[in-house]
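Engineer: Got a structure for you, questions after.
The values are calculated or read from the model by the stated rules, or taken from the named source; none is laboratory data. Predicted model, so just to flag it, every value in this text is computed and none were measured. Virtual Cβ from ideal backbone geometry, glycine too; neighbours counted across all protein chains shown.
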Amino acid sequence: MSTSAAAQVRSVRSQLTEERCRALADKGYAIIDNCMGEACADALLTEMQEAFDQGLMKPNKTHFSKPGGGGVMVFQKPGIFETDMHDTALQGQLPVLTSLFEQTALVDALESRLPDVKLRRGTQGCTVKLQHNTGSGGCFPWHYDNPGRPNKRRLTCLLYLNRGWQPGDGGELTLLPFLGLAQEVAPLFDRLVVFRSDLVLHRVRPARAPRYALTVWLDGADGCVNGDRDVALHFSKADLGPGGDWLGLCDRLKASPVQRVLSRGVYQEEYQASLAECMGGAEGEGEMLAAHMAQVRAMDASAPLRHLVQRLRATRELLALQNLAT
Ligand SMILES: O=C(O)CCC(=O)C(=O)O
Ligand SMILES: [Fe+2]
């Protein structure tokens, strides 16, 4: 069984159909059900359960930047346990997961079907995280997996391992393409969700049943992630003025990681509510909410940014109404 995870991920190439590649290019995400096959997914789940039962997964650590460059704080998301396969102590004990960590078949398959995404080849740009949610309400607030420099992540691959998941169990992943429609994804057994780490805002709803998820993050090729145009806004007065191509600008933002600069303003209430829900009064909630509000206020203090955010919020409402009507 030790090589089967590598063999199975090779099949992702044929599962990345034209339609799924188009979804990744257009909306930033694609979903593949029955991805690894019953036996391999079972073997992965068994090792994840062993890792949790043996105390190899630790309470989640969330690193949080203090506003104004005041350093980094570390808090815990309640109910979430995690570990990273870079931890060599795990590698001897978890052979199937180790084989997933050491293979290059996944990045090769994705690179060959999605050449425009520009992934880093080899094993160096690959991170594997094991995550267990105890099912007592644990969740993740709205975030991008790649929030900006110096992060190098390009693709997030999430494999869910929850046999018999039912709607009331919660723990759905919600993906929110910029100015688009939110898509709720149930964390079903052997379902793989692939999305752009620098382009897809997402969160996890509170889980009411134990939940296992395996994340593979793949870095982008050198120089292809978080370039200048991905981290700083460039637009002309003509874009924003009367007669400017406003919807053209919106389309560019939908397709560009630079949307991250504006997202917290456009979705400020959503960020705030999900932070409070995720922390549930635990230590750090106040600091996180204060940091969020400070970032929103900083945007508000700049008149051009404030107007841009206001207009994006109005456009977002309009597009939502149009979508409801169709
Ligand atoms: O568990 C999930 O579905 C996603 C978790 C997540 O967003 C993350 O680890 O960054
Ligand atoms: Fe995430």
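Engineer: Report whether or not A221 is modelled with pLDDT of 95 or more and surrounded by 18 or more Cβ atoms within 10 Å (Cβ to Cβ).
Structural biologist: no
Engineer: If I ask for residues that are within 16 Å of ligand 2 (Cβ to nearest atom) and closer than 25 Å to A5 by Cβ, which ones from region 176-199 would you list?
Structural biologist: Within region 176-199, V185, P187, R191, L192, V193, V194, F195, R196, S197 qualify.
Engineer: Moving on to the next point. Condition check: in a strand (DSSP E or B), at pLDDT 95 or above, within 15 Å of ligand 2 (Cβ to nearest atom) and under 22 Å from S274 (Cβ atoms). Does L158 satisfy that?
Structural biologist: Yes; evaluated as a whole, the condition is true for this residue.
Engineer: Considering only residues that are within 13 Å of ligand 1 (Cβ to nearest atom), under 30 Å from C224 (Cα atoms) and touching a Lys or Arg at 6+ places or on another chain (Cβ under 9 Å), which ones fall in region 132-152?
Structural biologist: F140, P141, W142, H143, Y144, D145, N146, P147
Engineer: Hey, does region 135-145 have a residue that's away from ligand 2 (no atom under 14 Å from the Cβ) and buried (at least 20 other Cβ atoms within 10 Å of the Cβ)?
Structural biologist: no
Engineer: Identify the single condition in (1) touching a Phe, Trp or Tyr at 6+ places or on another chain (Cβ under 7 Å); (2) within 16 Å of ligand 2 (Cβ to nearest atom) that K254 does not satisfy, given that it satisfies every other one.
Structural biologist: (2)
Engineer: Checking S263 against (1) among the small types (G, A, S); (2) assigned to a loop (DSSP other than H, G, I, E, B); (3) within 25 Å of N151 (Cβ to Cβ), which test does it fail?
Structural biologist: With (1) among the small types (G, A, S); (2) assigned to a loop (DSSP other than H, G, I, E, B); (3) within 25 Å of N151 (Cβ to Cβ) applied to S263, the lone miss is (2).
Engineer: Here's another thing I want to ask about it. What number goes with the only condition from (1) touching a helix residue (DSSP H, G or I) at 6+ places or on another chain (Cβ under 9 Å); (2) over 15 Å from S65 (Cα atoms); (3) in contact (Cβ under 8 Å) with a residue 40 or more places away in the chain that A320 does not pass?
Structural biologist: Checking A320 against (1) touching a helix residue (DSSP H, G or I) at 6+ places or on another chain (Cβ under 9 Å); (2) over 15 Å from S65 (Cα atoms); (3) in contact (Cβ under 8 Å) with a residue 40 or more places away in the chain, the one that fails is (1).
Engineer: Might you let me know whether region 201-213 holds any residue that is closer than 21 Å to V266 by Cα and away from ligand 1 (no atom under 11 Å from the Cβ)?
Structural biologist: Within region 201-213 (the criterion being closer than 21 Å to V266 by Cα and away from ligand 1 (no atom under 11 Å from the Cβ)), the answer is no, since none of the residues qualifies.
Engineer: Filter region 214-243 down to residues that are more than 16 Å from ligand 1 (Cβ to nearest atom) and acidic (D, E) and give me whichever is nearest to G148 (Cα to Cα).
Structural biologist: The extreme case among them is D230.
Engineer: Name the residue that is surrounded by the fewest Cβ atoms within 10 Å (Cβ to Cβ), counting only residues in region 168-182 that are touching a residue at least 60 places away in the same chain (Cβ under 8 Å) and within 13 Å of ligand 1 (Cβ to nearest atom).
Structural biologist: L176
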